[in-house]
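Enquirer: Sharing a structure with you now.
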Amino acid sequence: MSTNFGSKRIVVGAHYGSRDWLSQRVTALLMALFTLVLVVQVLMPGQMGYYKWAGIFSAQWMKVLTFVVIVALALHAWVGMRDIWMDYVKPVGLRLALQVFSIVWLLGCAGWAVQVIWRL
Amino acid sequence: MADTLKERPVYRNIHVSQIVAYRLPPAGIVSILHRVSGAAMFLLLPFVIWLFDNSLTSEISFDRFASVFSAGLGFLPGWFIKLVCLGLIWAYLHHFIAGVRHLWMDMTHSVSKEQGHSSAVITLAASLLLTVALGAKLFGLF
């Protein structure tokens, strides 16, 4: 990778999708683990209500973990939505517009979710 | 030469109007539903974060979050919100289990025709059963 530019740039090969493939699986594992961590805490003894729910997310380690998962979700959904647009939308202009929409949509959602955890 | 060229069949991607005519195996159904559930969750992401926001920000917003399921949201009635959430629950469960199926296939190379069939049936059954169970809880049946 260190000399993959200029005249040394590799323009052929079969590895262009493997990074996306791997990142989609790594982010999926992170989200699955987060789901388990959250379910275990929700099922802990105690009446479910605002204080128990907010208590789960008020721990700093949980905020950090949730933040990582929000970023993972945005990346994961980007790879998936990009696949969908590439499979079904052939006109280049429309595909570009939908891809830009996906990025804006995901970045906006991620920013909002991060705000929610860190003003708690 | 020109005549034979004219008669050559042309195969293109499945058109939307042909979808119903294609009978998919269970693995194919899991695959397309994996995509459909992912796209649905992508589109409903702002709604999920709105719920997350209201459930966490304060006791007052928590009450607003809880009342959405009975009093509704804007012009949308409570049962409709519950139905949307049931759809989200199914989408999450299906996407989760189908994703675990993918990881299991990647790690154990369980990619024979029989394994693909049985794991697809298990995925469909598990996601639907869990959806029914959580849906019963959501609609207050237990």
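Enquirer: Tell me, what ³J(HN,Hα) does each residue in region B:27-35 have, in order and in whole Hz, if you take phi through Karplus 6.51 cos²θ - 1.76 cosθ + 1.60 with θ = phi - 60° and put x for Gly and Pro?
Expert: So the Karplus estimates, Gly and Pro as x, are 4, x, 5, 4, 5, 6, 6, 4, 5 Hz.
Enquirer: OK, next. Relative to the Cα centre, what is the charge dipole magnitude of region B:24-138, using +1 at the beta carbon of each Lys and Arg, -1 at the beta carbon of each Asp and Glu, and rounding to the nearest 20 debye?
Expert: Its charge dipole is roughly 240 debye.
Enquirer: What does the charge count around residue B:34 come to, taking other residues whose C-beta lies under 14 Å from its C-beta (Lys +1, Arg +1, Asp -1, Glu -1)?
Expert: +1
Enquirer: Here's something else I'd like to know. Let me check I've understood the local charge: for residue A:81, count other residues with C-beta under 13 angstrom from its C-beta, Lys and Arg +1, Asp and Glu -1. What total comes out?
Expert: After counting each charged neighbour, the total is 0.
Enquirer: Averaged over B:52-59, how many beta carbons belonging to a partner chain fall within 10 Å of each residue's beta carbon?
Expert: That average works out to 5.
Enquirer: Just to confirm my numbers, what's the Cα centroid distance between region B:95-111 and region A:82-118 in Å?
Expert: Region B:95-111 and region A:82-118 have Cα centres spaced 26 Å from each other.
Enquirer: What list of ³J(HN,Hα) values in whole Hz, one per residue of region B:14-23 in order, does the Karplus curve 6.51 cos²θ - 1.76 cosθ + 1.60 (θ = phi - 60°) give from phi, with Gly and Pro shown as x?
Expert: Along region B:14-23, the couplings run 4, 7, 3, 5, 9, 3, 5, 6, 8, 9 Hz.
Enquirer: Along the charge dipole of the protein assembly as shown, which of A:57, A:93, B:81 sits closest to the positive end, that is, farthest toward it, with unit charges on the beta carbon of Lys, Arg, Asp and Glu (+1, +1, -1, -1)?
Expert: My answer, from the dipole projection, is A:93.
Enquirer: Convert each backbone phi in region B:91-103 into a coupling constant with the Karplus relation 6.51 cos²θ - 1.76 cosθ + 1.60 (shift: θ = phi - 60°), then list the ³J(HN,Hα) values in order as whole Hz, x for Gly and Pro.
Expert: So the Karplus estimates, Gly and Pro as x, are 4, 5, 5, 5, 4, 4, 5, 5, x, 4, 4, 4, 4 Hz.
Enquirer: Quick one, could you list the DSSP H helices from chain A stretching 18 Å or more along their long axis (Cα atoms) with average Kyte-Doolittle hydropathy of 0.0 or above?
Expert: A:18-43, A:60-88, A:92-118
Enquirer: Explain nothing, just the number: dipole magnitude of the protein assembly as shown about its Cα centre with +1 on each Lys and Arg Cβ and -1 on each Asp and Glu Cβ, in debye rounded to the nearest 20.
Expert: 420 debye
Enquirer: Grab the alpha carbons of chain A, take their convex hull, and tell me the volume per residue in Å³.
Expert: 161 Å³
Enquirer: Can I ask one more? Taking the Cα centre of chain A as the origin, how large is its charge dipole in debye, to the nearest 20, when only Lys and Arg (+1) and Asp and Glu (-1) carry charge on their Cβ atoms?
Expert: Roughly 220 debye for chain A.
Enquirer: Next up: Pick out, from B:22, A:66, A:36, the residue whose Cα sits farthest towards the positive end of the charge dipole of the protein assembly as shown, with +1 on the Cβ of Lys and Arg and -1 on the Cβ of Asp and Glu.
Expert: About the Cα centre, the residue reaching furthest to the positive side is B:22.
Enquirer: What whole-number distance in Å separates the alpha-carbon centres of region A:21-61 and region B:49-92?
Expert: Cα centroid of region A:21-61 versus Cα centroid of region B:49-92: 19 Å apart.
Throughout, read-outs are computed from the coordinates displayed, never taken from laboratory work. Since we're looking at a predicted model, the values are computed, not measured. FYI the Cβ positions are ideal-geometry reconstructions off the backbone, even for glycines, and counts take in every protein chain you see.
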